[in-house]
Structures are given as C-alpha cells and as structure tokens.
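Engineer: Structure in structure tokens, see below.
The values are calculated or read from the model by the stated rules, or taken from the named source; none is laboratory data. In this text the structure is predicted, and so the values were computed from the model without any measurement. Methodologically, a virtual Cβ is constructed for each residue, glycine included, from the backbone with ideal geometry; neighbour enumeration extends over all protein chains shown. When the accessible area is computed, the model is the full protein with side chains, heavy atoms only, and any ligands, DNA or RNA have been set aside. Shrake-Rupley method; radii C 1.70, N 1.55, O 1.52, S 1.80 Å.
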Amino acid sequence: MPAAKLFQPLTVGGLTLDNRIVIAPMCQYSAEDGAMTDWHIQHLGQLAASGAGLLTIEATAVEPEGRISFADVGLWDDRTEAAMARVLEAVRRHSTMPIAIQLAHAGRKASTDLPWRGGAQLAPDHQNGWQTVAPSALPFEASENAPTALDKAGLDRIRDAFADAARRSARLGLDAIQIHGAHGYLLHEFLSPLSNRREDEFGGSLENRMRFPLEVFDAVRAAFPADRPVSVRVSGTDWVDGGWDIGQTIAFAKALEARGAAAIHVSSGGLDPRQAIPVGPNYQVPLARAVREAVSIPVVAVGLITEYEQAEAILATGDADLIGLARTMLYDPRWPWHAAAHFGAQVKVPPQYLRSQPRRFRDLLVEDR
C-alpha cells in the first residue's frame, strides 16, 4: 500500500521537508517592544516536537511601525535579533525541524490593541499606538485614523527593512523566509485596487500595483542565501467585487515564480471589512488549486483543514502540494502524530517522548536526531 502523500517528503527550493505538513505563522501578541519572550520558547518548542515538516515563526515586523500590535514580534535591530536567537537556541536544542520566518509589515492595519482586548486600532497619541502607513491615505475602517500615503523615500526604507530582516534571518540560521503578502497588510494593500489609489508607477494597472511587492521580493531574495527558499503568502481574493481576485493572484504568482520564489501559500481576505467569505471546510482550496494549475512551484493550501483524510485528499487530488495548519495545531499540537498513526506513517519526536508510543503503533515515533 503506497504511503499517504501527507507523509511523503518534498523538496522546496533546496530545503527537503520530511512531510507535507506546514505549521503556518500564528501571531502570539507576546513580545516586548518587538523582542521575543519566554512565551515563544514554550510555544515554538511544543510545535517543534509536533512531527510536522516545517515550523513557521509568526508575522515578524521589519520595522516598529510594521507591527500589527504593540506586542508583535520584530526583527529590525540587534536587540530583537538577540531575543530571537535566544528562543531559537532553546527550541533547536531538542528538535531538527526546519524553521521558517514570516517577514511582514502591517501597513494600515497596524497599531492595534491585543485581540483579547478587542483588537481595535489605537490612535497615534495612545501610549501603545503610532501613525500607520499605506499605499494610499485610506483607512481600513472609515472610523479609524487614516494612514499616511508612503512617498518614494518611505517605500525605499521599507524595502530595505525587509532586506535587512532577511540578512538577520540568515544570521539566525533560519531555513526559509515567507514574505507576507496577504490578509490586508501592506504588500496586499499595494496589490488590491480597493486600497491602492496611487497615480504613480506603484498604482493603477496590475503591473504597477505588483511593482512594490515584487521589489520587496527581489530585495529579500537577494539578501537571503541562494540555497534557502523564499516563499510568499498571498490572499487569493478580497471576497469583494472590484477587488483583488484569483486572476490577478495567478499573474502575481507567475511573476514571483519567474523571480525565484520557491512556493506560494494561498490564503484569502483580510483587506476590506465588506468581505463576504463563504467560510467552511476547504473554502480556500479552490484558490490554491487555481494557482497550482498555473505555476510549477509548490503551493500550500490553508484554511479550516482539520481532518486527516481531508488533508490527504487535498494532496492526492492535486489541489495543493503542502497543507498549512494554524489554529488546528494550537488546539492539538500532536495532530501530525495522530495523522501518522491514522495512515501508518512515522514522525520524528524528541527521545523523551518515545515511550508515549502506543503498543499498536510500534514504528509510529522515531527519534529526532
């Protein structure tokens, strides 16, 4: 009986993954002035023992104003780099799982309160708030403080900040970078005609709206070692008429592939409060399928994928090459163990956990070394 596709290895841009399970980035809102804390040691540590193929660090701001909230992780100076190095050293002590990082800028959706406090935007004069920036001076919600439209100097600064964070990621020994171009954050704001009303070379036509995100990709790709992959997370659609859609996403994905992108992670939405999302199991899989049919690099599907057979079917039918899990992994950090048991596969675990293997699954758990 052939092995489940979910547990077949895959090489992505020179990085070989043991299986097709990717832990997607999940903000923890637990940093102190951009610096990771002890929370991140236990959070990432338990996920690194999950048996997944790849662990992705949460959205990491490339400059302070790029954080979603004041408690977001950053990688913009030696202090934030040192804090991340401390966490990574602790996590790697017990795991060989490859670790990626998502580099991000929140754009007009920055300067918010913690989600468990409601997540509302904080005004620039609030002690935990600041002035946001965006392609155009259009707020996400009409009641919010309007962002400042970025001038050429601001665009250059942010592009260079992405490149600097990529160099820091390389020094930290991170195995891959994912650039956040989804969920209504800065790069997505440039892509969508709903948020980008510029009249210069960065607005108007699809080619112009893609220009700055592609400049950022090129800068990150040039700053990160050539043998380590750089991927991009995209929103396949805004779920709003007249907004970013799957046809434009495919054009963007093709342009990224031509520039050396190693994979495309397909999510959706987040740009406009009018979005009408048909949420349900596999609701974003058709978007991933459309991108996969148009490019030759691996595509990641994500969104309400919770069951083992569900994940396997997405891969087996060719809708995607990898499965991204986020909240599913928070709820059950041992999901890959259980999936491996279901399909008669194996996962790597720290030797301290080997004795937890049920007798009926003699070869389920193998030592991570």
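Engineer: Assign one of three labels to segment 25-182, namely rounded, prolate or oblate, based on the Cα gyration tensor with a ≥ b ≥ c the square roots of its eigenvalues; rounded applies when a/c is under 1.5, prolate when it is not and a/b is larger than b/c, and oblate otherwise.
Structural biologist: prolate
Engineer: Quick check: Cα centre of segment 161-211 to Cα centre of segment 231-249, how many Å?
Structural biologist: Rounded to whole Å, the Cα centres lie 14 Å apart.
Engineer: So what are the three principal axis dimensions of the chain from its Cα atoms, in whole Å, longest to shortest?
Structural biologist: 64, 42, 39
Engineer: Compute the accessible area per residue over segment 136-289, keeping the other protein chains in place, probe 1.4 Å, unit Å².
Structural biologist: Value returned for segment 136-289: 37 Å² of accessible area per residue.
Engineer: Another question about this same structure. Mind pulling the angle between the C-alpha long axis of helix 38-48 and the longest principal axis of the chain? Nearest 10 degrees, somewhere in 0 to 90.
Structural biologist: Long axis of 38-48 versus the principal axis of the chain: about 50 degrees.
Engineer: Taking N as the number of residues in segment 1-94, what is its Cα Rg relative to 2.2 N^0.38 Å?
Structural biologist: Expressed relative to 2.2 N^0.38 Å, the Cα Rg reads 1.23.
Engineer: For the chain, what is the mean residue ellipticity at 222 nm derived from helices alone (per DSSP H run of n ≥ 4: -39500 (n - 2.57); sum divided by total residues; nearest 500 deg cm²/dmol)?
Structural biologist: -9500 deg cm²/dmol
Engineer: Separate question: Gap in Å between the Cα centre of segment 261-297 and the Cα centre of segment 73-135?
Structural biologist: 24
Engineer: Right, another one. Distances over 23 Å make up what percent of all Cα-Cα pairs in segment 184-282?
Structural biologist: Result: 25 percent of Cα pairs exceed 23 Å.
Engineer: How large is the charge dipole for segment 247-366, taken about the Cα centre, if only the Cβ atoms of Lys, Arg (+1) and Asp, Glu (-1) carry charge, to the nearest 20 debye?
Structural biologist: 420
Engineer: Shifting gears a bit: Tell me, what ³J(HN,Hα) does each residue in segment 31-37 have, in order and in whole Hz, if you take phi through Karplus 6.51 cos²θ - 1.76 cosθ + 1.60 with θ = phi - 60° and put x for Gly and Pro?
Structural biologist: So the J values, rounded to whole Hz, are 8, 10, 6, x, 8, 4, 10.
Engineer: Calculate, in whole percent, how much of the Cα-Cα pair population of segment 217-369 lies beyond 19 Å.
Structural biologist: More than 19 Å apart: 62 percent of the Cα pairs in segment 217-369.
Engineer: Then there's this: Could you please state how large a percent of the accessible area of segment 213-369 is carbon and sulfur, counting protein chains only and using a 1.4 Å probe?
Structural biologist: For segment 213-369, the apolar C and S fraction of the accessible surface comes to 50 percent.
Engineer: Any idea what angle helix 152-171 forms with the longest principal axis of the chain, computed on alpha-carbon atoms, 0 to 90 degrees, nearest 10?
Structural biologist: 20
Engineer: Compute the long axis of helix 78-92 from its Cα atoms, compare it with the longest principal axis of the Cα atoms of the chain, and write down the angle in degrees, 0 to 90, nearest 10.
Structural biologist: Here the helix axis deviates by roughly 20 degrees.
Engineer: How much of the accessible area of segment 70-189, probe 1.4 Å, is carbon plus sulfur, in whole percent?
Structural biologist: 52
Engineer: Check the straight Cα-Cα distances from LYS109 and name the lysines below 24 Å, setting aside those fewer than 8 residues away within the same chain.
Structural biologist: Leaving aside lysines fewer than 8 places away in the same chain, those within reach of LYS109 are LYS152.
Engineer: Next up: For a quick protection proxy, order the peptides 66-77, 4-15, 224-235 by their average other-Cβ count within 10 Å, most packed first.
Structural biologist: Top of the packing list down: 66-77, 224-235, 4-15.
Engineer: Expressed as a rounded percentage, what relative contact order does segment 31-77 have, with Cα pairs under 8 Å and six or more residues apart?
Structural biologist: 50
Engineer: Along the charge dipole of the chain, pointing to its positive end and built from +1/-1 on Cβ of Lys, Arg, Asp and Glu, which listed residue (TRP39, HIS105, PRO135) has its Cα farthest out?
Structural biologist: TRP39
Engineer: Students often forget the sequence filter, so: which lysines lie under 21 Å Cα-Cα from LYS5 once same-chain residues fewer than 8 apart are removed?
Structural biologist: LYS348
Engineer: Continuing with this model, one more query. Which is farthest toward the positive dipole end of segment 223-329 among GLY303, MET329, ALA223, measuring Cα position about the Cα centre, with Cβ charges +1 (Lys, Arg) and -1 (Asp, Glu)?
Structural biologist: Going by the Cα projections, it comes out as ALA223.
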